[in-house]
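A.B. asks: Let me give you the structure first, and then I'll get to my questions.
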Amino acid sequence: MKATASAANAVAVPAAVPPKLIVFITVDQLRGDMLDRYRADLHGGYARLMSGAWFVNAYQDHAITETAPGHASTMSGRFPRSTGITSNLTGVIDPNYRLIDAADGEIGASPERFRGTTVYDWLKARDARSKAFSASKKDRGAILPIGRSKSNVYWYSGNGNFTTSNYYRDSLPTWVQQFNARHLGQRYAGRAWTLSRDPSTYAEPDSVPFENNGRDFMFPHALPADSAVVTRVLPATPFMDSVTALFALEAARQLALGAGPQTDLLAVSFSATDYVGHAYGPDSREAHENEIRLDQTIGWFIDSLYRMRDSSTIVFALTGDHGASPIPELARARGEAKGNEALRVNLRPLVSQIRSGLGAAGADTNAFFYDFETVSLDRAALAKARLNADSILNAFAAAAKAVPGVWRVDRIRDLRRVDPAADPFARRWSHQIPDVSAVELVITLTRYSNYGGIPATHGSPWDQDAHVPIIFYGPWIRPGRYTQFARVVDMAPTLAAIAALRPLEKLDGIALRQAIR
C-alpha cells in the first residue's frame, strides 16, 4: 500500500457510535521489528492487538528519537517542531513544580513547554464530562501524551510511590495513597528475574559481556533484598510494567473510565523495555524475555478492562516512542557495522575548545550551546563581542566532521530547502526543529554510533531508532497487516476519526482511513 504524503488535517468519516473508552498504550523503546521477531512467543496482549490493524512500516518521523519528543507526538498528531518538545532536555523537567510523596531529591515536572492540544483536549471540547488518566514509570511518559491539561497524570518515584506534581494537584487522592500503601514495588525484594521458558528456546546467547557494562549480564537477575533499594532497580525488570498496569486498572475503577455516556481516555506508557534495552541491548535475551512478560501483562490488562467494561465500547492504540540501536561493540563484533559505523563519539573536547576561544575573545561562553545532536548560538552575544557567528559554526562543523563516527553536520536552514523525498534525514530534521529556533547546526552520527558510555541507546534519525509499530484494535478497526508508510503523528487524527472528534488545530498527521471500518 502506498503512503499518502500530506501534512493536512484530514479526518475520515466517523463511526456512528463513538467509543466510550480510548486506551492508548506506548511501549518505550519498542523497535518496529520486535513484534515480528518474537511473534512465535507472543500469545497474550500483543498477539490480540496484532490481530487488529497493524502498520509494520511505521515511524516516529523526526530526527531526535528520544522519549519526550516521541510521547509528545503520540496523541497530538504533530511533530516536535510543532509541540515544542524537541528533546528530553526540553521535555518536562521543571523545578518550579514540586513532587508529591516522592523520593528526596527528585526534580519536579510539568508540561509547561508543550505547545498545542491533544486528543484529550478534543474530547473535552466536545463533552466537558470526558475524563483522562495517564500513567508511566517516567514523568515524560505520563505527562506528554495528555499535553497541558490538568488531568489525572502520575508517574513512578524511586521510593515506590506513584507521584505527580503540584502542576496537577496539591495532594494525592485517597485512592492513590491507598494504592501506594500496598507497597507493590517493595514486595519484589529478594526475588529474581528469571526466564519464563526453557533456555534452549531462546535464539539470543545469554553470556554477552558487552551487556550491562559487563555486570550481571546472565539470567537469573537477583533483585536486592532491601525493600528500600529494590524500588530503585525495579524499572529495569518486567515487574515495573506489571505494577504500572495494576495502577492503571485501579484508576479505571476509581475514576469510572468508560462507564459514562462520554468518551474517556486511558493512557499507559510501559517503560521497562527502554531500561532493559539500554542495559542489555535490543537484541539481548533480556529484551526477548521482557517482551514475553509484557505480552502477558498487556494480556491480563486487556482482559481486566473487558471484565470492567463492555469490550464493544473500547478502542485500543499501541505504538513505541522510538526504536533502538544495538550495542556498538556488539554490532562490530557481529560484522553488522562497516568502516566508520558503530563507534563511541565524544565531541566535548571540541566544544570546550570553541568555548575557550569565545572566553578568550571576551564573549559569553554560553553563547555556543551544544546538546549532542544540535548546536545553538546566541548571535546577539557574539555580535556584541564582534565575533562572526557563521565563522564559528563553519569551524565547528569542519572539525566535527573529522571526528570518527560523525556522518553529517548540517545547517538546519539548508535542510529545510532539501526535497524531503530525496533525503529522509533532511525530512526528519525539518520535522524536529521549529522554524523559530536558536538551533543552527544538527549532527547526525554514522549508523549504530552513539554518545557516551551507556551500553545501547537511541536518538538518531536512522531507521532502527525511528521504526516503531502502529496498531489499532477494536470494533471500529478493519484488521490487516498494512505495509504502507505511516507515522506516529497519524495516530491522533485516526482516533479523531473513530471518535468523531474535531481537532482544535492543524495537524501534521492524517487519518489512516484504510484501517477504519
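A.B. asks: Going through 392, 471, 477, 412 one at a time, which residue ends up being out of contact with any Lys or Arg (no Cβ under 9 Å at 6 or more places or on another chain), farther than 30 Å from residue 217 by Cβ and assigned by TED's automatic domain parsing to the domain that holds residue 302?
C.D. replies: Among 392, 471, 477, 412, only 471 is out of contact with any Lys or Arg (no Cβ under 9 Å at 6 or more places or on another chain), farther than 30 Å from residue 217 by Cβ and assigned by TED's automatic domain parsing to the domain that holds residue 302.
A.B. asks: While we're here: Checking the conditions here, which among 242, 200 is within 22 Å of residue 163 (Cβ to Cβ), out of contact with any strand residue (DSSP E or B) (no Cβ under 9 Å at 6 or more places or on another chain) and in a helix (DSSP H, G or I)? Let's see the steps before the verdict.
C.D. replies: Working: 200 fails: within 22 Å of residue 163 (Cβ to Cβ).
So the residue among 242, 200 that is within 22 Å of residue 163 (Cβ to Cβ), out of contact with any strand residue (DSSP E or B) (no Cβ under 9 Å at 6 or more places or on another chain) and in a helix (DSSP H, G or I) is 242.
A.B. asks: Name the pairs whose Cβ atoms lie under 7 Å apart, with the first residue in segment 185-197 and in a helix (DSSP H, G or I), the second at pLDDT 95 or above and not aromatic (Phe, Trp, Tyr), and 6 or more positions between them or separate chains?
C.D. replies: Filtered contacts from segment 185-197: 186/160; 186/227; 186/230; 186/231; 188/223; 188/230; 188/234.
A.B. asks: Which count do you get for residues in segment 250-265 that are surrounded by 17 or more Cβ atoms within 10 Å (Cβ to Cβ), assigned to a helix (DSSP H, G or I) and not charged (D, E, K, R)?
C.D. replies: 2
A.B. asks: Suppose the filter is modelled with pLDDT of 95 or more and under 21 Å from the mean Cα position of the chain (by Cα); does residue 285 pass it?
C.D. replies: On the way: modelled with pLDDT of 95 or more: yes; under 21 Å from the mean Cα position of the chain (by Cα): no.
No, not satisfied.
A.B. asks: Would you mind telling me which numbered condition in (1) in a loop (DSSP other than H, G, I, E, B); (2) under 22 Å from residue 49 (Cβ atoms) residue 503 fails?
C.D. replies: The one condition residue 503 does not meet is (2).
A.B. asks: If I filter segment 297-339 down to residues being polar (S, T, N, Q) and either surrounded by 24 or more Cβ atoms within 10 Å (Cβ to Cβ) or closer than 19 Å to residue 286 by Cβ (or both), which single residue comes out as nearest to the chain's Cα centre (by Cα)?
C.D. replies: Within segment 297-339, the first condition is being polar (S, T, N, Q), and the residues that meet it are 297, 304, 311-313, 319, 325.
If we keep only those that are either surrounded by 24 or more Cβ atoms within 10 Å (Cβ to Cβ) or closer than 19 Å to residue 286 by Cβ (or both) too, we end up with 297, 319, 325.
Numbers: 297: 19, 319: 9, 325: 14 Å.
Here the answer is 319.
A.B. asks: Of everything in segment 351-364, what is surrounded by fewer than 16 Cβ atoms within 10 Å (Cβ to Cβ) and either on the phi < 0 side of the Ramachandran plot or in contact (Cβ under 8 Å) with a residue 24 or more places away in the chain (or both)? Give them in sequence order. Lay out the reasoning, then the answer.
C.D. replies: Of all residues in segment 351-364, those surrounded by fewer than 16 Cβ atoms within 10 Å (Cβ to Cβ) come to 352-353, 356-357, 359-362, 364.
Residues satisfying the conditions are 352, 353, 356, 357, 359, 360, 361, 364.
A.B. asks: If you scan segment 427-451, which residues turn out to be more than 26 Å from residue 344 (Cβ to Cβ) and either in a strand (DSSP E or B) or touching a Lys or Arg at 6+ places or on another chain (Cβ under 9 Å) (or both)?
C.D. replies: Filtering segment 427-451 down to residues more than 26 Å from residue 344 (Cβ to Cβ) leaves 427, 430-431, 434-438.
The answer is 430, 431, 434, 435, 437, 438.
A.B. asks: Let me ask something else. If I filter segment 266-296 down to residues being part of a helix (DSSP H, G or I) and touching a Gly at 6+ places or on another chain (Cβ under 7 Å), which single residue comes out as surrounded by the most Cβ atoms within 10 Å (Cβ to Cβ)?
C.D. replies: Filtering segment 266-296 for residues that are part of a helix (DSSP H, G or I) and touching a Gly at 6+ places or on another chain (Cβ under 7 Å), the one surrounded by the most Cβ atoms within 10 Å (Cβ to Cβ) comes out as 287.
A.B. asks: Right, something else. Within segment 132-149, does at least one residue satisfy the condition of being free of Cβ contacts under 8 Å to residues at least 40 places away in the same chain and in contact with a helix residue (DSSP H, G or I) (Cβ under 9 Å, 6 or more places away or on another chain)? Please lay out each step first, then the result.
C.D. replies: Taking segment 132-149 as the starting set, the residues that turn out to be free of Cβ contacts under 8 Å to residues at least 40 places away in the same chain are 148-149.
Add one more test, that the residue is in contact with a helix residue (DSSP H, G or I) (Cβ under 9 Å, 6 or more places away or on another chain), and what stays is 148-149.
Yes, that holds for at least one residue.
A.B. asks: Looking at 495, 501, 445, 415, which is the one that is crowded, with 21+ Cβ neighbours inside 10 Å, over 27 Å from residue 281 (Cβ atoms) and within 22 Å of the chain's Cα centre (by Cα)? Walk me through it before giving the result.
C.D. replies: Numbers: 501 fails: within 22 Å of the chain's Cα centre (by Cα); 445 fails: over 27 Å from residue 281 (Cβ atoms); 415 fails: within 22 Å of the chain's Cα centre (by Cα).
Testing whether each residue is crowded, with 21+ Cβ neighbours inside 10 Å, over 27 Å from residue 281 (Cβ atoms) and within 22 Å of the chain's Cα centre (by Cα) leaves just 495.
A.B. asks: So for segment 56-74 (the condition being modelled with pLDDT of 95 or more, surrounded by fewer than 20 Cβ atoms within 10 Å (Cβ to Cβ) and under 30 Å from residue 480 (Cβ atoms)), does at least one residue qualify? Give the derivation first.
C.D. replies: Step one: list which residues in segment 56-74 are modelled with pLDDT of 95 or more, which gives 56-74.
Narrowing the set further to residues that are surrounded by fewer than 20 Cβ atoms within 10 Å (Cβ to Cβ) leaves 56-57.
With the extra rule that they be under 30 Å from residue 480 (Cβ atoms), the set shrinks to 56-57.
Yes: one or more hits.
A.B. asks: Any residue that is closer than 30 Å to residue 298 by Cβ and in contact with a His (Cβ under 7 Å, 6 or more places away or on another chain) - is there at least one of those in segment 487-498? Spell out how you get there, then give the answer.
C.D. replies: Filtering segment 487-498 for residues closer than 30 Å to residue 298 by Cβ gives 487-498.
Of the ones still in play, those that are also in contact with a His (Cβ under 7 Å, 6 or more places away or on another chain) are none.
Within segment 487-498 (the criterion being closer than 30 Å to residue 298 by Cβ and in contact with a His (Cβ under 7 Å, 6 or more places away or on another chain)), the answer is no, since none of the residues qualifies.
A.B. asks: Follow-up. Being among the hydrophobic types (A, V, I, L, M, F, W, C), touching a strand residue (DSSP E or B) at 6+ places or on another chain (Cβ under 7 Å) and farther than 18 Å from residue 70 by Cα is the filter here; which residues of segment 124-155 pass it? Break it down into steps so the answer makes sense when it comes.
C.D. replies: So the first thing to find is which residues in segment 124-155 are among the hydrophobic types (A, V, I, L, M, F, W, C), and the list is 125, 128, 132-133, 135, 142-144, 146, 153, 155.
Next, from what is left, pick out any that are touching a strand residue (DSSP E or B) at 6+ places or on another chain (Cβ under 7 Å): 132-133, 135, 142-143, 146, 153, 155.
Selection gives 132, 133.
A.B. asks: Something else now. Counting residues that are aromatic (Phe, Trp, Tyr), which helices (runs of 4 or more DSSP H) fully inside segment 368-426 reach at least 1? Steps first, please.
C.D. replies: Details: elements: 379-384, 389-401, 412-415.
Because the criterion is at least 1 residues that are aromatic (Phe, Trp, Tyr), the helices (runs of 4 or more DSSP H) in segment 368-426 that meet it are 389-401.
A.B. asks: Provide a single number: the residues in segment 165-193 that are under 20 Å from residue 153 (Cβ atoms), hydrophobic (A, V, I, L, M, F, W, C) and buried (at least 16 other Cβ atoms within 10 Å of the Cβ). Explain how you work it out, then say what you get.
C.D. replies: First, pick out the residues of segment 165-193 that are under 20 Å from residue 153 (Cβ atoms): 165-180, 184-185.
Imposing the further condition that a residue be hydrophobic (A, V, I, L, M, F, W, C) reduces the set to 172, 175-176, 179, 184.
Now narrow it down to the ones that are buried (at least 16 other Cβ atoms within 10 Å of the Cβ): 172, 176, 179, 184.
Residues meeting the conditions: 4.
A.B. asks: Please indicate, with yes or no, whether at least one residue in segment 76-85 is touching a His at 6+ places or on another chain (Cβ under 7 Å) and assigned to a loop (DSSP other than H, G, I, E, B). If you could, list the steps in order and put the result at the bottom.
C.D. replies: Start the filter on segment 76-85 by keeping residues that are touching a His at 6+ places or on another chain (Cβ under 7 Å), which leaves 79-81.
Filter once more, so that each one left must be assigned to a loop (DSSP other than H, G, I, E, B): 79.
Yes, because at least one residue in segment 76-85 is touching a His at 6+ places or on another chain (Cβ under 7 Å) and assigned to a loop (DSSP other than H, G, I, E, B).
A.B. asks: Give segment 87-118 a look and list any residue that's hydrophobic (A, V, I, L, M, F, W, C), part of a loop (DSSP other than H, G, I, E, B) and surrounded by 18 or more Cβ atoms within 10 Å (Cβ to Cβ), or say none.
C.D. replies: 92, 100, 102, 114
This table checks each residue for (1) aromatic (Phe, Trp, Tyr); (2) over 27 Å from residue 317 (Cα atoms); (3) not assigned by TED's automatic domain parsing to the domain that holds residue 370.
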residue: 421; (1), (2), (3): no, yes, no
residue: 424; (1), (2), (3): no, no, no
residue: 432; (1), (2), (3): no, no, no
residue: 438; (1), (2), (3): no, yes, no
residue: 464; (1), (2), (3): no, no, yes
residue: 489; (1), (2), (3): no, no, yes
residue: 497; (1), (2), (3): no, no, yes
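A.B. asks: Can you run down the residue pairs with Cβ atoms below 7 Å, 6 or more apart or on separate chains, where the first is in segment 209-223 and without any contact (Cβ under 8 Å) to a residue 24 or more places away in the chain and the partner is β-branched (Val, Ile, Thr) and part of a loop (DSSP other than H, G, I, E, B)?
C.D. replies: Pairs that qualify, where the first residue is without any contact (Cβ under 8 Å) to a residue 24 or more places away in the chain and the partner is β-branched (Val, Ile, Thr) and part of a loop (DSSP other than H, G, I, E, B): there are none.
The values are calculated or read from the model by the stated rules, or taken from the named source; none is laboratory data. Owing to the predicted nature of the structure, the values given are computational and were not obtained by experimental measurement. All Cβ positions, even for glycine, are placed from backbone atoms using ideal geometry, and neighbour counts span all protein chains on display.
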